[in-house]
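Single-structure report; data block below.
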Amino acid sequence: MPTIRGVAFDLEGTVVDVERAHHNAFLMVCAEIGHPMTFEEALERVPGFIGGGDNIISAKLHELPGVAHTAEELRARKMKHYERLLGEIAIHPRPGFVEVFAAIRRLGLPTAIGSLTAANQARMLLDRSGVGKLFEGENIVLKEHVQRFKPAPDVFLETARRMGINPANQIVFEDSPRGVQAAVAAGSRPIGMPVYTMPRAQHELIDAGVCRIFWDWREITVNALLENLNNGGA
């Protein structure tokens, strides 16, 4: 197996947990358009509710019976709720991330962010969480930097390029099935970091092609993980 020479991280969910704010904002929109539902019901009724991205989820809500709003109007409503919710919460890295990141850097491996979050939102999350200071600016790849979005491989091809490595020598930490598919398509090795612990989240990551799943950054011993991957394990 190719030796690991660099590490890419998705941002939202994987490094900074704001997924609940995203989902709660969409649930507010559901209530406004006459389709109130719980989170569990949304998982069943709205394909891609975890990891699908705003455009996909908004399009699926537009397809619900009796919804007159366009997908773009629904997305705008969601963003209004989301921005308000973000203003009410503290934003931190997921527990254990900073320690794992430091261990990776001590080994001399380059790192990158590979996220399809829009630049203004990403910069806000990076600044408020303190994560931005950990990454060199040129190694932050965002929505505006690629032509095709996940599950296309573009974002992780670009993180590998900026780190100066072959994508096959790259680990990708991801929380969503579409992100895992993007890593697989790039020829990299994806590690799942789901936000939600229900079996469905695990199964979707496995189906997408994840090498291994960790529920918590504090479970990870970097040297052991790299040794396992470099020896062809997971």
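Laboratory data are not the source of any read-out in this text; all were calculated from the coordinates shown. Keep in mind that what you see is a predicted model, and the values were worked out from it rather than measured. Cβ placement follows ideal geometry from the backbone for every residue including glycine, while neighbour counts extend to all protein chains displayed.
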Query raised in the report: Which is farthest toward the positive dipole end of the chain among Met163, Leu61, Asn120, measuring Cα position about the Cα centre, with Cβ charges +1 (Lys, Arg) and -1 (Asp, Glu)?
Result: Met163
Query - Efficiency of FRET from Cβ geometry, Glu144 and Arg106, R₀ 30 Å, rounded to 0.05 - result: 0.45
Requested in this report: Output the relative contact order of the chain, whole-number percent, from Cα pairs under 8 angstrom with separation of 6+ residues.
Outcome: 25
**Report entry** Separation of alpha-carbon centers, segment 178-220 and segment 122-162, rounded to whole Å
**Finding:** 18
Query - lysines whose Cα lies under 25 Å from that of Lys78, excluding same-chain neighbours fewer than 8 positions away - result: Lys60, Lys143, Lys150
Report task. Can you bin segment 192-234 into rounded, prolate or oblate? Criterion: square roots of the alpha carbon gyration tensor eigenvalues sorted a ≥ b ≥ c, rounded for a/c under 1.5, prolate for a/b above b/c, oblate for the rest. Result -> oblate
Query raised in the report: Percent relative contact order of segment 19-86, based on C-alpha pairs within less than 8 angstrom and at least six residues apart?
Result: 37
Query raised in the report: Can you give the % of DSSP beta bridges in the chain that are antiparallel, to the nearest 5?
Result: 5
Requested in this report: Mind checking segment 78-172 for trypsin sites (Lys or Arg not before Pro) that DSSP puts in a loop (not H, G, I, E or B) and that have at most 13 other Cβ atoms within 10 Å?
Outcome: Arg148
Report summary line: Taking a ≥ b ≥ c as the square roots of the eigenvalues of the Cα gyration tensor, with a/c under 1.5 meaning rounded and otherwise prolate when a/b exceeds b/c and oblate if not, segment 19-86 is rounded
Query raised in the report: For segment 12-29 and segment 42-76, what is the separation of their Cα centres, given in Å?
Result: 14
